[in-house]
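Note sheet for the following structure.
The values are calculated or read from the model by the stated rules, or taken from the named source; none is laboratory data. Predicted, not measured: the structure shown is a model, and the values here were computed from it. Here Cβ is always computed from backbone atoms with ideal geometry, including for glycine, and neighbour counts include all displayed protein chains.
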């Protein structure tokens, strides 16, 4: 490194700096180095090569580095995925069936509540004497029908009581699915003898 015009002392200083820097580079270790491959000088890698080879051989014998082991630990198998999807499908189906049943039950309950309310209003009209036996449809709410049937008096029974069977049902269902009420009306025009 000596040039023609430089004094020998200057070249010696430069050589000492280069040697010091070379020692620093050889002994440098990265803070995250975890083995002889990273962050150690070449002579340290050479010293650790044989134990590493043995350790890899040991791992191969035990099956820890085999492709089969890697396949097992890489993710889910096809069978596990199929079983998971089948379980998930069963749970979703059960939830949808339960929701459908709940909606149907709610619809039937609301129809029965409406039919009971309408039957009560018709029973009040029967008691007031403003309507008699017959059949028809309600104007409001739409979709409900009614039927009033007179029951003949029992022989030897009271003559001043008239009995009716009142049925109200949604048009979408049969008559049997409706609400049936027995209404007794006291007829005040008939005189009762003691």
Quick check on my filter: what residues within region 124-135 are surrounded by 12 or more Cβ atoms within 10 Å (Cβ to Cβ) and closer than 17 Å to residue 169 by Cα?
133
Among the residues of region 128-138, are any out of contact with any helix residue (DSSP H, G or I) (no Cβ under 8 Å at 6 or more places or on another chain) and part of a helix (DSSP H, G or I)?
yes
Suppose we filter 147, 117, 158 for residues that are surrounded by 10 or more Cβ atoms within 10 Å (Cβ to Cβ) and at pLDDT below 85; which single one remains?
158
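On the basis of being exposed (fewer than 13 other Cβ atoms within 10 Å of the Cβ) and under 48 Å from the mean Cα position of the chain (by Cα), does residue 110 make the cut? Outline the logic, then answer.
Working: exposed (fewer than 13 other Cβ atoms within 10 Å of the Cβ): yes; under 48 Å from the mean Cα position of the chain (by Cα): yes.
The answer is yes for residue 110.
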